[in-house]
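Have a look at the structure below before the remarks.
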There are 2 protein chains.
Amino acid sequence: MAMHPLHPLFHPTSVALVGASSDPERIGGRPLRFMREGGFEAPVYPVNRSQAETIQGLPAYARVRDIPHPVDHAVICVPVAGVEEAVRDSIAKGVRAIQVLTAGFAEVDAAGRALQERIAGLCRDAGVRMLGPNSLGLLNVPTRFFATFSTALNGLQPRPGPIALATQSGAFGSAAYAAASLRGLGFSKIVATGNEADVDVAECIDYLVDDADTRVICAALESCRDGACLRAALLKAARAGKPVVIMKVGRTALGAAAASTHTGSLAGDDAVYDTVFAECGAWRAGSIEEMLDIAYLYATAGRLPPNADVGVVTGSGGIGILMADDAGERGLDLPPLPDAARTAALELLPFAVASNPLDMTAQVTAVPQGVPRTLALMLDHTGYGSVFAYLAHVGLSPERFAATQAELVALRRRHPERLMVLVMLSRPEVSAALQAEGIAVFEDPSRAVQAVAALARIQQRRGMLHLPPPPAPASAPLGDVATEDGAKRVLAGAGLPVLPERICRSAAEAAEAAAGMGFPVVAKIVSPDIVHKTEVGGVLLHLSDGPAVAAAFDTLMQRARAARPDARLDGVLVAPMLRGGVEMIAGIHRDPTFGPMVMFGSGGTAVELFKDVAFASAPLTPERARALLERVRSTQLLRGWRGGPHYDEAALADALCRLSEFAFAHADQIESIDINPLVVRTEGAACLDAVIALRPHGTQEGGHAVH
Amino acid sequence: MAMHPLHPLFHPTSVALVGASSDPERIGGRPLRFMREGGFEAPVYPVNRSQAETIQGLPAYARVRDIPHPVDHAVICVPVAGVEEAVRDSIAKGVRAIQVLTAGFAEVDAAGRALQERIAGLCRDAGVRMLGPNSLGLLNVPTRFFATFSTALNGLQPRPGPIALATQSGAFGSAAYAAASLRGLGFSKIVATGNEADVDVAECIDYLVDDADTRVICAALESCRDGACLRAALLKAARAGKPVVIMKVGRTALGAAAASTHTGSLAGDDAVYDTVFAECGAWRAGSIEEMLDIAYLYATAGRLPPNADVGVVTGSGGIGILMADDAGERGLDLPPLPDAARTAALELLPFAVASNPLDMTAQVTAVPQGVPRTLALMLDHTGYGSVFAYLAHVGLSPERFAATQAELVALRRRHPERLMVLVMLSRPEVSAALQAEGIAVFEDPSRAVQAVAALARIQQRRGMLHLPPPPAPASAPLGDVATEDGAKRVLAGAGLPVLPERICRSAAEAAEAAAGMGFPVVAKIVSPDIVHKTEVGGVLLHLSDGPAVAAAFDTLMQRARAARPDARLDGVLVAPMLRGGVEMIAGIHRDPTFGPMVMFGSGGTAVELFKDVAFASAPLTPERARALLERVRSTQLLRGWRGGPHYDEAALADALCRLSEFAFAHADQIESIDINPLVVRTEGAACLDAVIALRPHGTQEGGHAVH
């Protein structure tokens, strides 16, 4: 495999520390101290204008150019005024990678942004990769390359382990690092990308997938500059079998308001992030604690659960119910215990409640090895992907727990493909010994269930990844889509179902057209200047004979002229009036980061009142279209709701696919599409109204999202 | 104040421990060991048939009657076969309270249930209060009365503190106790009620409200035997200013399935529990960890936040956004920072993002006392009920944090009515010192926000408690409500809006009635034997003249006779046909535990698809009726939705009040009421259809829920 472009950033062979300080507590002094304390083995050259002969015991240099050795990597933490010179010097010296830890760039003002762009340009031109500016640095834990001034490392020496952490915000990274370290979790790499003038979180994820020391990736974003790269990195991780647990802050209106005031980053549409993360096999965590819980579970178990079925063994009925509640709310299943297992459990523990959860009752304490034997029969008799055992506080008494512990370890070795999770309070050495054998230990039952549910969902998502096709070439102009009639003709051309309807220029033509299609009909005004027809009274329904249609033509034209004297009027659209069917809505929303997204939702008021809408990246496959239907509750209305008929879901899914393919192929032109309503009938479906908005000229740059 | 009936249970003056063991590790040995280790001062008399002279160093007796001193309290942990005799002996000796820790009663089989009822009867007849059976016992922490065999006390000596814990499940209590103890939380009283043959969780809450050592009450239920007592206890707590944080397990279908197999308890309707807890000022926690977080926060702060406004001060924009997200999702507000505060913040920290969250940026480290000064100006310039400061991991460095800590403490003393919450990693002695000053410390930002949100909600709920009136006397028979016509007449008599409509016995009468009320009209079959009229084609709409009504009469009668030859047919109901308005539903559901609940929800499919429905205990006050409307999202449809009209919410609220009063007054007769639809018009409202189901004869026992 070729070396990853970020390899020099994480694996320097020699490091200049520009702005190094003799004071090990100052910003310029800490990275040097951390690396010396940790035992980083490559040469480190402190650089400081002070002309000190040594800094923290190492020979020091006034400028990078003065270093009489090759320099591979520069860590810059001089004041902002000196950064450009330090970058130029470092490039001149031949470094392959630069970290700019100094702040005061795009996050502050326009001058800072200009300076940031200048140094990024210098690096780009020289083929040098740059982390930052305004980065908290990075850690390569196995090599002890601790290039950060984060005080989180004071007294919390990084431990090596399989968890990687890539965050935009350094403070976010510090918080997660410190919390994880207090829990004894170990890291492979930690990186804070800061202002992301060059390297971003997406590229770090891409690097970490290749990193042999990393087994699970935690990431945190406030914004995303390049949706295609983020998608590609997440998909690469999914296919490589490395779970990504990702946080994207700014998920509510309050949070988004806070985001808009923060570090020059524009938060994207939150529902779109949810969608993209899921499509790319990642899990979005809601809190730092949840993110670490999931990473801990995976780092311990070393695998995802093979399915979403779980079994619970407990000595407390109440805790069992609590865990069943949590499991149900989070999409896990508790299949019933097979009869053979029930029988065996009752032989072992006659007073047990031998179902799932399996309540061993206090009786278990009277049966030698009652817990591991109960768990064994659950594992042996079922295919549950994960099993939980609630063991109260027995782990606080290592001597009493020793025999049980040994049996549990043996059991885990017999069933290495399952997740085994103990919920108990325990002494650190007990948890550590269990974890070394792949058995996870949680203190809180609800958090244990939450972590297993996240891994089960990651497993499910890997079965239905969105693998984007290559970007479409520039598409031929769509023609006139400014009217309902024009939009529908374009959609019909793309294979979407549109009723036979006709645009008429006179009352007589309208009456004749209606007679040809059968009564009743509807009539609607057609004008490129009137998007919202109902606002001008531009729609008439239930027209049941020729004279009514002719009269409707005149009425509509008069109303339109009265309401919008300047509007161009193309005529009146006459269409059959459908009865029955279920109204849904479908559409396209061009996300500035992730490109065209398909929107599907409930018709009527539910889409707004209940947010009964879901998104998916275009183009859809038939399988992904069906999955999109499942994410909208109103889809239930198509399935014999309250004894009613079954409607044509296949036609609906097909319409969504065609819409998505059309939008993907014309992503360079289309801003949005609204089909409202899209009526689903017992046979077929029909787009009853459609609006297409094109992208303003000058913003169309190729067939895909802006890169 | 008179002594509380449970006082003897918690404050024994002398204790017989029946089933005491010399082995301090056995069930009968542990309570004695715990009390001796803890220093319980009242006399304890071990009782064991072994005729040992001493047990764990105390003089022992073969039977309770042999104790040559007065005995106030008996703790029974003999095998189940000996329990009845021990109870009889204890009663004969004159105890005031008995705890039965032995298991094997109603939770096992019918014989166990019979035995349980027998011993409960013995106690009741003797005026002795009984805890259990199948109880894990109780702890009065200040007096060191540790009457439990829970191994959670091994190595986790209970610390006194303001938190009380009352749970049904002993294992649940042990889990919460152990987790809390590891966090350093202290308790006043802990009690596990087990099978609740006499004392239940509700009565324990009632007791704990009076307990001077208790400031906040944690409770956990699997079922509730007496809804009125639980309500009364929660309301007493709310009015006494003691927050109750309560868990009710069995909230999902999976959990409810688990509950139905557990300890002979029937889980109630989950939405009803939510409603009752909220109406009585309690907070329902979803996990043990959440329950303890909230209890910790209140125990530390000593008060509820005065309002739901919060301010966030952070050194990390990302964490600020995360906390804003969490706050918004949990019903807290982040009002903008006033201009004066913004100006002051920017004077102090020119690079700060001076909004709310207030991002101090890394600059804060360069400003002496930057954190407390920033927090001070937020507190001084706003009325935020709670302020958060995110301080990363600074609490891990006590010496560096000392000056900040002193300033924060001074600030807290200046603003004692606000909640001050720090989010940081810290050493235990740092957290402890802050907590002693009323400043709470959380490690995880999301959990900190969650706990504050819960206390803010408790504060809000105290402003709108449901204070049930005295039970209604037995009500006069309602008469015939078996038909739509009968039900509507009864509801109209109760003051609910019903259209002028008429039951007709001939086609001619129907046509004449219609002419009197104006066309169009609707016609519906009326039969006490046909509840679902649409199933027999029993409703005809849009009847626009007399002949159509006459024909409809004949059609309806024929259809009904064909579909249900045995049905009694009262005739045809003719009613004006409404146009416009918004369809909602309203009803009454008699909960077996909590009595009549008002149901209000969306019309159409949303009530089922989106659970757009809310409950409230009857009777409603006008204020509570308006609050009920706010809990249903479809209420938005009444408020100029998409430019439409405003509908008559006052008429709707009035209808709900009258319905609730009627149901409360006739609670002895009514099983359920469905008004579907209840159409809300621009002026007034109308019950278009109504079904009243009466309780079966023989189940009606007075005007209130069964006690």
For A:Leu358, residues with placed amide H under 5 Å, excluding near neighbours: A:Val312, A:Val313, A:Thr314
Enumerate the calculated ³J(HN,Hα) couplings along the range B:44-55 in order (Karplus 6.51 cos²θ - 1.76 cosθ + 1.60, θ = phi - 60°), each rounded to whole Hz, writing x wherever the residue is Gly or Pro. 10, 10, x, 10, 7, 5, 4, 6, 4, 6, 9, 10
Dipole size in debye (nearest 20) for the range A:8-118 around its Cα centre, Lys and Arg Cβ +1, Asp and Glu Cβ -1? 140
Mind listing the phi-derived Karplus ³J(HN,Hα) values for the range B:319-329, rounded to whole Hz, using 6.51, -1.76 and 1.60 with θ = phi - 60°, and x for any glycine or proline? 5, x, 5, 4, 5, 5, 4, 4, 4, x, 5
Taking only the alpha carbons of the range A:174-213, the radius of gyration and the largest Cα-Cα distance, Dmax, both in angstrom, are 11.8, 33
Counting sequence-distant residues (5 or more places) and residues on other chains, those with an amide H built under 5 Å from that of B:Asp668 are B:Ser475
Please work out which residue of chain A brings its Cβ closest to the axis of the rotation superposing A onto B, and round that distance to whole Å. A:Phe610, 2
Nearest 10 degrees, 0 to 90: what angle lies between the long axis of helix A:110-126 and the longest principal axis of chain A (Cα atoms)? 70
Under 1.5 on a/c is rounded, so check that first for the range B:524-573, then, if it is not, pick prolate when a/b is larger than b/c and oblate when it is not; a ≥ b ≥ c are the square roots of the alpha carbon gyration tensor eigenvalues. prolate
Give a residue-ordered list of calculated ³J(HN,Hα) values for the range B:150-161 (Karplus: 6.51 cos²θ - 1.76 cosθ + 1.60, θ = phi - 60°; whole Hz; x for Gly, Pro). 4, 6, 4, 7, 5, x, 10, 4, x, 9, x, x
For B:Arg36, A:Arg239, B:Arg183, what's the largest-to-smallest order of accessible area, 1.4 Å probe? A:Arg239, B:Arg36, B:Arg183
What share of Cα pairs, in percent, lie more than 26 angstrom apart in the range B:361-510? 51
So in the protein assembly as shown, what percent of DSSP beta bridges are antiparallel if you round to the nearest 5? 50
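Find the Cα radius of gyration of the range B:126-260, compare it with 2.2 N^0.38 Å by division, and give the number to two decimals.
1.01
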Straight-line reach from B:Lys93: which aspartates and glutamates have Cα under 13 Å away, leaving out those fewer than 8 places along the same chain? B:Asp66, B:Asp72, B:Glu85
Per-residue mean of other chain beta-carbon atoms within 10 angstrom of the beta-carbon, peptide A:309-321? 6
7 Å along Cα→Cβ, label-point gaps from B:Met517 to other copies, nm, shortest first: 3.8
Under 23 Å Cα-Cα from B:Lys248, which lysines qualify once same-chain neighbours fewer than 8 residues away are excluded? B:Lys189, B:Lys236, B:Lys611
Could you compute the FRET efficiency for A:Ala403 and B:Ala114, with r as their C-beta to C-beta distance and R0 at 30 Å, rounded to 0.05? 0.20
So for the range B:574-615, using the alpha carbon gyration tensor with a ≥ b ≥ c as root eigenvalues (a/c under 1.5 gives rounded; past that, a/b versus b/c decides prolate or oblate), I'd call it oblate
Could you order the peptides A:398-407, B:276-285 from most to least packed, using the average number of other C-beta atoms within 10 Å per residue? B:276-285, A:398-407
Kirkwood estimate for the protein assembly as shown, i.e. one over the average of 1/r between Cα atoms, Å: 35.8
Please average, across the residues of B:596-605, the number of beta carbons from any other chain that are within 10 Å of each residue's own beta carbon, and give a whole number. 2
Assigned charges on the beta-carbon of Lys, Arg, Asp, Glu; the protein assembly as shown dipole about Cα centre (debye): 1800
If one puts a single equal scatterer on every Cα of the range A:544-587 and applies the Debye formula without solvent, what log₁₀ I(q)/I(0) results at q = 0.22 Å⁻¹? -0.85
Copy-to-copy label separations for B:Thr13, where each label sits 7 Å from Cα toward Cβ, in nm and ascending: 8.9
With everything on Cα atoms, drop me the angle between helix A:370-381 and the longest principal axis of chain A, reported from 0 to 90° to the nearest 10. 40
Using only the alpha-carbon atoms of the range B:278-332, report the extent along each of the three principal axes, biggest first, to the nearest angstrom. 37, 22, 21
From the square roots a ≥ b ≥ c of the eigenvalues of the alpha-carbon gyration tensor of chain B, which class results: rounded (a/c under 1.5), prolate (a/b over b/c), or oblate? oblate
Positive-end residue of B:Pro372, A:Gly385, B:Val691, charge dipole of the protein assembly as shown with Cβ unit charges: B:Pro372
Would you mind checking which residues have amide H under 5 Å from B:Asp689's amide H? H placed 1.01 Å from N; only 5 or more apart, or other chain. B:Asn676
Number of partner chain Cβ atoms within 10 Å, mean per residue of A:437-450: 2
Reference-scaled alpha-carbon Rg (2.2 N^0.38 Å with N residues) for the range A:448-513: 2.14
Rg(Cα)/(2.2 N^0.38 Å) for the range B:436-550, N = residue count: 2.03
Relative to the longest principal axis of chain A, what angle (0 to 90°, nearest 10) does the C-alpha long axis of helix A:83-93 take? 70
Which aspartates and glutamates does B:Lys488 reach when only Cα atoms under 12 Å apart count, and residues fewer than 8 places away in its own chain are ignored? B:Asp480, B:Glu501, B:Asp674, B:Asp689
Rounded to whole Å, give me the distance from the Cα center of the range A:198-218 to that of the range B:560-598. 62
Suppose a student asked you for the relative contact order of the range B:12-53, using Cα pairs under 8 Å spaced at least 6 residues apart; what percent would you report? 52
Along principal axes, largest first, the alpha-carbon spread of the range B:89-151 in whole Å comes out as 38, 29, 14
Express in whole angstrom the spacing between the alpha-carbon centres of the range A:113-176 and the range B:661-676. 66
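The values are calculated or read from the model by the stated rules, or taken from the named source; none is laboratory data. Since the model is a prediction, treat every value here as computed from it, not as a measurement. All Cβ positions, glycine included, derive from the backbone under ideal geometry; neighbour counts span all protein chains shown. Surface accessibility is based on the protein's heavy atoms, side chains included, excluding ligands, DNA and RNA. Shrake-Rupley method; radii C 1.70, N 1.55, O 1.52, S 1.80 Å.
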